Amino acid sequence: MDQEKVNILLVDDQPAKLLAYEVILKDLGENLVIASSGREALEVLLKTEIAVILVDVCMPELDGFELAAMIREHPRFQKTAMIFISAIQVSDIDRLRGYEMGAVDYVPVPVVPEVLRAKIRVFAELYRKTRELERLNHELEDRVRARTAELESSTAKLRESEQRRSMAIAAGKMGSWDWDWISGDWMWDDGQYRIFGVGPESFEVNPANVQALLHPDDVDQLRKAIAEFNKGTRAYETEFRIVRPDGEVRWCVGTAAATVDERGRVVRVSGVTVDITERKRAEERQNLLAREVDHRAKNALALAQSIVRLTRADEVKDYVSAVEGRINALARVHTILSLSSWQGAELSRLIDEELAPYSLGDQIRLAGPEVQLLPATAQTLALALHELFTNSAKYGALSTRSGRLAIDWQVEDELLTLSWEESGGPLVMTPKSRGFGTRSLLASVESQLGGQAQFDWRAEGLLCRLEVPLTRKTATAGLGKFDTGGSAELQRASG
């Protein structure tokens, strides 16, 4: 491969000598640059990269020593090789002065061509090698910088990925762990500590301490997992419970995978733990809700069956109207209860729903505090209020524009007392026998809710007083009684 030529500067004030140097050095195959004075040599140096300077010591204006001193002052040329040529005998002092000025060698006159070519060749090759080393060094530095940048970028991406993983683990209530099967050493990340409710500063991760945090009924899961891995299983998943130091029980699902050596022996087990407590609780709520829906559906069907079976009318049209009214009353209270997720219903809301079909204006007066009824109490009381409103709209105060109805209620010692007072309607006479509405109202309030219903058939209007316990024990007991024998209760009331 052809070598890159280097520049050799020849400095002498005598053209004949310059020509002689050119002839001698031509065979080197390098670029020869001519300067006939020190100042011209300086101009060349500022424009051209020079490998070796061959300079005459004795020159007018600037001699070789002065030129060498000026060259060495410039940072670019502090390492440029300079060879002095002297036609006079040079003393040791002059030689030392020349070396101090930066000379690397002396060539006496007359010049021996072979010696001069050898010296120039050595310094030219040294310059070439130095430049090659510098180039290689720059390339190496560039590669190091590029590699460093790649590593920094890779590290940043890895750090970012780890941060995302940590965030995902934290958001997903996950933890990761690693178990050295040979040494028994464990490694937990922050998520694992968080799930178990312990901290790395106070909890030493080892089989005994981990087992102590497992629910007693689930300790065998750990033993079973170890046994499976010893049998050659490579992956294992199971659900288990932990008991945190504060006593809280958490549900988890654990997934583990084994790493084996060249002989197939387990050397390491790594895994992920996921806290599924909320999911378990949601499943429990869902199961409870399903049972509750089934229970309420049966209650509603029992009520509907009782309404259909016990409703009496002389004509089919009246029968259908009565059944539809009672079923609609049941549907309205179910809507109210569903809006509260079956937590209960307000008494005033039940009354408003029953009033909705009538345009009564100022005929009705309501007074009473906010009362929250249990679902069972709300269902039964809604049907009782429906019977009172229906009876009043057909035969009582609400059947005429002059009629008035006052509904007052109050609560004392968990007992709801509701007063129904009609006035201004048709003349009221005490009935000779109780109709279905009255019988069903008595049955529902007294038999199902454990309360009392009192009727006073005054001439000026019906006065009814209902007393209904609001405690959960009484209300649920009544509901259970209605579920199993509600129709029978109504039948006995109609008998």
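What follows draws every value from the coordinates through simple rules; no lab data is involved. Note that the coordinates shown come from a computational prediction; the quantities given were computed from them, not determined experimentally. Please note: Cβ atoms are built from the backbone with ideal geometry, for glycine as well, and neighbour counts cover all protein chains shown.
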Dipole of segment 173-275 [Lys/Arg +1, Asp/Glu -1 at C-beta], most positive-end residue of M187, S176, V219: V219
Residues in segment 246-282 that a label on D185 would reach, taking backbone N under 16 Å of a point 7 Å out along Cα→Cβ: 267-270
Label-point separation in nm, L288 to Q3, each point 7 Å along Cα→Cβ: 9.3 nm
Mean Cα-pair separation over length for segment 1-67, i.e. relative contact order, pairs under 8 Å, 6 or more apart, %: 42 percent
K224 paired with Q211, simple spin-label distance in nm, labels 7 Å along Cα-to-beta-carbon: 1.7 nm
Unsatisfied cross-links (Cα-Cα over 29 Å) in the set K26/K129; K173/K224; K129/K157; K394/K432; K157/K280: K129/K157; K157/K280
Segment 7-137, relative contact order in percent, only Cα pairs under 8 angstrom and at least six apart counted: 24 percent
Segment C58-L339, length gained on full extension (0.36 nm per residue, minus Cα span): 89.7 nm
Karplus (6.51, -1.76, 1.60) ³J(HN,Hα), θ = phi - 60°, over segment 135-150, in Hz, Gly and Pro reported as x: 4, 4, 5, 5, 4, 5, 4, 4, 5, 5, 4, 5, 5, 4, 5, 5
Efficiency of FRET between L158 and L126 - r from beta-carbon atoms, R0 56 angstrom, step 0.05: 0.75
Per principal axis, descending, Cα span of segment 7-137 in whole Å: 43, 32, 27
Nearest-0.05 FRET efficiency for E22 and R76, computed from C-beta distance (R0 25 Å): 0.50
Förster radius 56 Å - calculated FRET efficiency between R265 and L415, Cβ distance, rounded to 0.05: 0.15
Note, ³J(HN,Hα) from phi for segment 183-199, Karplus 6.51, -1.76, 1.60, rounded to Hz, x at Gly and Pro: 8, x, 6, 10, 9, 10, 8, 4, x, 5, 4, 5, 4, 7, x, 10, x
Point-to-point label distance, E278-F455, nm (Cα→Cβ direction, 7 Å offset): 5.5 nm
Potential lengthening between Y358 and R234 on full extension [0.36 nm per residue; Cα-Cα distance subtracted]: 37.3 nm
Sorted by Cβ neighbour density within 10 Å, fewest at the top, the residues M82, M70: M70, M82
Relative contact order computed over segment 213-298 (Cα-Cα under 8 Å; 6+ residues apart), in percent: 21 percent
Hz values of 3J(HN,Hα) by residue in segment 256-271 - Karplus curve (6.51, -1.76, 1.60), Gly and Pro given as x: 9, 9, 9, 10, 10, 8, 5, 8, x, 8, 5, 10, 7, 10, 10, x
